[in-house]
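Trainee: Here you go, one structure.
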Amino acid sequence: MACLWSLCLFLWQFRPGRRDHQDRAITYAAEIQTADARPLAPRAQGALRLQAKRRGDQTVIANLRQEGSLKALFPKVRGNALDTVFLNTAGGLTGGDRMQIDVTAQTGAHVVLSSQAAERAYRAQPDQIAQSNVTLDVGPSGRIDWLPQETILFDQAALNRRLNVRLASDASALLVEPIIFGRVAMGETVDHLHLSDQWRIWRDDSLVFADAVRLIGDAKALMQQAAIAGGAGAMATVVLASPQAAAFADRLTLDGSSGASLIRDDLLLVRMLANDGFALRKQLIPVVEALSTAPIPRVWRL
């Protein structure tokens, strides 16, 4: 329709008695043709909303809604938890993408969430930033294990992430987020990056944990600094928010590049650094197994 309107306007400019405006008409028609031919970069959007409930000894789906490029798979249950594997059918994140995941574990329910594959944040156009927001609500005696695989950041990626967790007084959550700064085996480096990662945890509507990672600029140079990563190419943050967190802390075995802090009796924080994604996963799997009460997702196996 836009092209038809442009053609009509172009012909109108050439009607008898209007030859003095021919140049302007030709210029206008050329501008319209150029604008119509300029492709618009696609933007992926996805939303996943899952509610789980307890049925006898098992956790089952109470409600599920999927939109856009976010989908969920439910492998055969191992143990009493509901295994949920989500995937981004867009194949990765780039500037302007919008992803939203909302998961609720009702009273006594246990949900284990993992991603089918590593997420990838690709090069973004200027002033275009991908947004990824996750909200987890855990009811009384419930638990959610948030165990996505690694996020691989490519050069010139731009990503803002938020993780918001709301817990009942006796609820639990295990939260894991591994990040890889380019693939070492492929010779990739991340010289330009925009990464903002915000975590908030509430228990009974009281804020008990707030964390922020902000890396903007030359990520390779920043990661070389001793106060940040000491030259590591991968890192992970692990939080166990549970009334039994203090007891679980004694199960951890960490190497020299990792550290754990029992912030309060119900809140355990672990920071991990490694040279690459493979080394990080080798360190991370024993930590996840030590802090889990359900079998680790099969997608996590080396």
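The values are calculated or read from the model by the stated rules, or taken from the named source; none is laboratory data. If you're wondering where the values come from, they're calculated on a predicted model, not measured in any experiment. Note: ideal-geometry Cβ built from the backbone for every residue, glycine included; neighbour counts use all protein chains shown. Keep in mind that these areas ignore ligands, DNA and RNA; they rest on the heavy atoms of the full protein, side chains included. Shrake-Rupley method; radii C 1.70, N 1.55, O 1.52, S 1.80 Å.
Trainee: Identify, from the list Q131, Q125, Q156, the residue that is surrounded by fewer than 16 Cβ atoms within 10 Å (Cβ to Cβ), of a type in the set (S, T, N, Q) and farther than 30 Å from R54 by Cβ. Explain how you work it out, then say what you get.
Mentor: Details: Q131 fails: surrounded by fewer than 16 Cβ atoms within 10 Å (Cβ to Cβ); Q156 fails: surrounded by fewer than 16 Cβ atoms within 10 Å (Cβ to Cβ).
Answer to the check: Q125.
Trainee: Further, regarding this structure: Only one of (1) closer than 19 Å to I296 by Cβ; (2) open to solvent by 30 Å² or more (accessible area, probe 1.4 Å); (3) in contact with a helix residue (DSSP H, G or I) (Cβ under 9 Å, 6 or more places away or on another chain) fails for S115. Which number is that?
Mentor: Of everything listed in (1) closer than 19 Å to I296 by Cβ; (2) open to solvent by 30 Å² or more (accessible area, probe 1.4 Å); (3) in contact with a helix residue (DSSP H, G or I) (Cβ under 9 Å, 6 or more places away or on another chain), S115 misses just condition (2).
Trainee: Out of curiosity, is A81 within 30 Å of L291 (Cα to Cα), of a type in the set (A, V, I, L, M) and crowded, with 16+ Cβ neighbours inside 10 Å? I'd like the intermediate steps shown before the answer.
Mentor: Working: within 30 Å of L291 (Cα to Cα): yes; of a type in the set (A, V, I, L, M): yes; crowded, with 16+ Cβ neighbours inside 10 Å: yes.
Considered against the rule, which asks whether it is within 30 Å of L291 (Cα to Cα), of a type in the set (A, V, I, L, M) and crowded, with 16+ Cβ neighbours inside 10 Å, A81 comes out as yes.
Trainee: Still on this model: Please enumerate the residues belonging to the stretch 46-60 that are in a strand (DSSP E or B) and surrounded by fewer than 16 Cβ atoms within 10 Å (Cβ to Cβ).
Mentor: Let us first name the residues in the stretch 46-60 that are in a strand (DSSP E or B), namely 46-55, 58-60.
Correct list: R55, Q58, V60.
Trainee: Can I ask one more? Under the condition of being in contact with a helix residue (DSSP H, G or I) (Cβ under 7 Å, 6 or more places away or on another chain) and of a type outside the set (A, V, I, L, M), which residue from the stretch 276-302 is nearest to Q149 (Cα to Cα)?
Mentor: Residue satisfying both the conditions and the ranking: W300.
Trainee: Can you find even one residue in the stretch 241-252 that is among the hydroxyl-bearing types (S, T, Y), in contact (Cβ under 8 Å) with a residue 60 or more places away in the chain and not in a strand (DSSP E or B)? Before you say what the answer is, go through the steps one by one.
Mentor: So the first thing to find is which residues in the stretch 241-252 are among the hydroxyl-bearing types (S, T, Y), and the list is 242.
Add one more test, that the residue is in contact (Cβ under 8 Å) with a residue 60 or more places away in the chain, and what stays is 242.
Going one step further and asking which of them are not in a strand (DSSP E or B), we end up with 242.
Scanning the stretch 241-252 turns up at least one residue that is among the hydroxyl-bearing types (S, T, Y), in contact (Cβ under 8 Å) with a residue 60 or more places away in the chain and not in a strand (DSSP E or B).
Trainee: Also: Condition test on A185, is it without any contact (Cβ under 8 Å) to a residue 40 or more places away in the chain, hydrophobic (A, V, I, L, M, F, W, C) and open to solvent by 10 Å² or more (accessible area, probe 1.4 Å)? I'd like the intermediate steps shown before the answer.
Mentor: Details: without any contact (Cβ under 8 Å) to a residue 40 or more places away in the chain: no; hydrophobic (A, V, I, L, M, F, W, C): yes; open to solvent by 10 Å² or more (accessible area, probe 1.4 Å): yes.
No, not satisfied.
Trainee: Here's something else I'd like to know. Out of all the residues in the stretch 203-238, which are of a type in the set (S, T, Y) and under 18 Å from the mean Cα position of the chain (by Cα)?
Mentor: Initial filter on the stretch 203-238 (of a type in the set (S, T, Y)): 206, 237.
Scanning the stretch 203-238 gives a single hit, T237.
For every residue, the table says whether it meets (1) open to solvent by less than 10 Å² (accessible area, probe 1.4 Å); (2) farther than 25 Å from I285 by Cα; (3) in a strand (DSSP E or B).
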{"position": "R162", "(1), (2), (3)": "no, no, yes"}
{"position": "S169", "(1), (2), (3)": "no, yes, no"}
{"position": "L174", "(1), (2), (3)": "yes, no, yes"}
{"position": "P178", "(1), (2), (3)": "yes, no, yes"}
{"position": "D191", "(1), (2), (3)": "no, yes, no"}
{"position": "I201", "(1), (2), (3)": "yes, no, yes"}
{"position": "L215", "(1), (2), (3)": "no, yes, yes"}
{"position": "I228", "(1), (2), (3)": "no, no, no"}
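Trainee: Mind counting the residues in the stretch 272-291 that are surrounded by 14 or more Cβ atoms within 10 Å (Cβ to Cβ) and among the basic types (K, R)?
Mentor: 1
Trainee: With the requirement that a residue be within 16 Å of S261 (Cα to Cα) and exposed (fewer than 12 other Cβ atoms within 10 Å of the Cβ), what does the stretch 230-250 give you?
Mentor: Residues satisfying the conditions are A247, D250.
Trainee: Looking at the stretch 111-160, which of its residues are assigned to a loop (DSSP other than H, G, I, E, B) and acidic (D, E)?
Mentor: Result: D127, E150, D155.
Trainee: Specify which of the listed residues (I144, I152, I180) is farther than 25 Å from A279 by Cα, among the hydrophobic types (A, V, I, L, M, F, W, C) and touching a residue at least 40 places away in the same chain (Cβ under 8 Å).
Mentor: On the way: I152 fails: farther than 25 Å from A279 by Cα; I180 fails: farther than 25 Å from A279 by Cα.
Result of the check over I144, I152, I180: I144.
Trainee: Could you list, in sequence order, the residues of the stretch 253-294 that are in a helix (DSSP H, G or I), touching a residue at least 40 places away in the same chain (Cβ under 8 Å) and of a type in the set (D, E, K, R)?
Mentor: Answer for the stretch 253-294, where residues must be in a helix (DSSP H, G or I), touching a residue at least 40 places away in the same chain (Cβ under 8 Å) and of a type in the set (D, E, K, R): just R281.
Trainee: Right, T135: out of contact with any Leu (no Cβ under 6 Å at 6 or more places or on another chain) and under 16 Å from E177 (Cβ atoms) or not? Break it down stepwise before answering.
Mentor: Details: out of contact with any Leu (no Cβ under 6 Å at 6 or more places or on another chain): yes; under 16 Å from E177 (Cβ atoms): yes.
Spelling it out, T135 is indeed out of contact with any Leu (no Cβ under 6 Å at 6 or more places or on another chain) and under 16 Å from E177 (Cβ atoms).
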